[in-house]
Amino acid sequence: ALPILTAGTTTARMAAELSGIADLTVVTNSPAIAATLAVNETIRILLCPGIYDAREGGVFGAYTFEFLHGLNADRAVIGASGLGHWGPSDAISEAAAVKRYQKS
């Protein structure tokens, strides 16, 4: 399994839970999530490149999309800023773009 954890407080909690599992490979665009997972030396962390946004605590942009395009993840844990009638939303457009990214 190759899970992706996007930047955010909810996904950071998930990372803390995952840090106890051996021999995982995890993709994230969050340096904080990478640091949380790094306490377990058996976890392989693929950290997306991109432009860091301190408001979201993650990296975004063209480099991030190019990196994600080369992966085939089978699970994703995605946080959201809000949940409304139309579904989940995010206050930061760059974060929303990464969260809705789909390989074409």
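The values are calculated or read from the model by the stated rules, or taken from the named source; none is laboratory data. Note that the structure is a prediction, hence the values are computed from the model and not measured. Here the Cβ positions follow ideal geometry from the backbone for every residue, glycine too, while neighbour counts run over all protein chains shown. Only protein heavy atoms, including side chains, enter the accessible area calculation; ligands, DNA and RNA are left aside. Shrake-Rupley method; radii C 1.70, N 1.55, O 1.52, S 1.80 Å.
Restricting attention to the stretch 50-65, the residues that are closer than 19 Å to Val26 by Cβ and loosely packed, with under 13 Cβ neighbours inside 10 Å total 0. Of all residue pairs spaced 6 or more apart or on separate chains, those with beta-carbon atoms under 6 Å, a first member in the stretch 1-17 that is in a helix (DSSP H, G or I) and a second member that is of a type in the set (A, V, I, L, M, F, W, C) are Thr11/Leu5; Thr11/Val77; Ala12/Ile33; Met14/Val77; Ala15/Leu5; Ala15/Ile33; Ala15/Leu37. In the stretch 66-79, the residues that are within 13 Å of Leu24 (Cβ to Cβ) and assigned to a strand (DSSP E or B) form Cβ pairs under 7 Å with partners that are open to solvent by 60 Å² or more (accessible area, probe 1.4 Å) and modelled with pLDDT of 85 or more, at six or more places apart or across chains, as follows: Val77/Met14.
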